[in-house]
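The values are calculated or read from the model by the stated rules, or taken from the named source; none is laboratory data. None of these values were measured; they are calculated from a predicted model. Counting neighbours? That spans all protein chains shown, and the Cβs are built from the backbone with ideal geometry, glycine included.
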Amino acid sequence: MSEYGNEPDFQHRIEDLEHESASAARLFDVRRVIGGLFVVYGVIVTIAGITASDADIAKAQGININLWTGIGMLVLGLLFLLWMKLSPPPPPPAAQETPEQGSSHRPGGGG
């Protein structure tokens, strides 16, 4: 007998965990997280650039660095999200029938 108890039950549990793991990987795709954060921070920095005073711009040698950085962050974040949309992660594998239902499985572990 196996150290894991009933082999078919153990194999079925492994398949369930693999399916759950694949679903979680699709949900938390790193491109979504990175793209979303860049978009959020890009909006914040762009607003800071739009509302920058003349003194703030003078500190940066006449360049509205917050505005340009915010726009760059927005573009980068949108590119990550577009990449995720155009090339989504592969779907989780479909549940397959295992050979345990057939006659190839010998109860008792053999000789």
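For this structure, a couple of remarks:
- Single residue of 49, 62, 72 found to be within 30 Å of residue 28 (Cβ to Cβ) and of a type in the set (Gly, Ala, Ser): 72
- If only residues of segment 12-64 that are hydroxyl-bearing (Ser, Thr, Tyr) and modelled with pLDDT under 90 are counted, the one that is farthest from the chain's Cα centre (by Cα) is 21.
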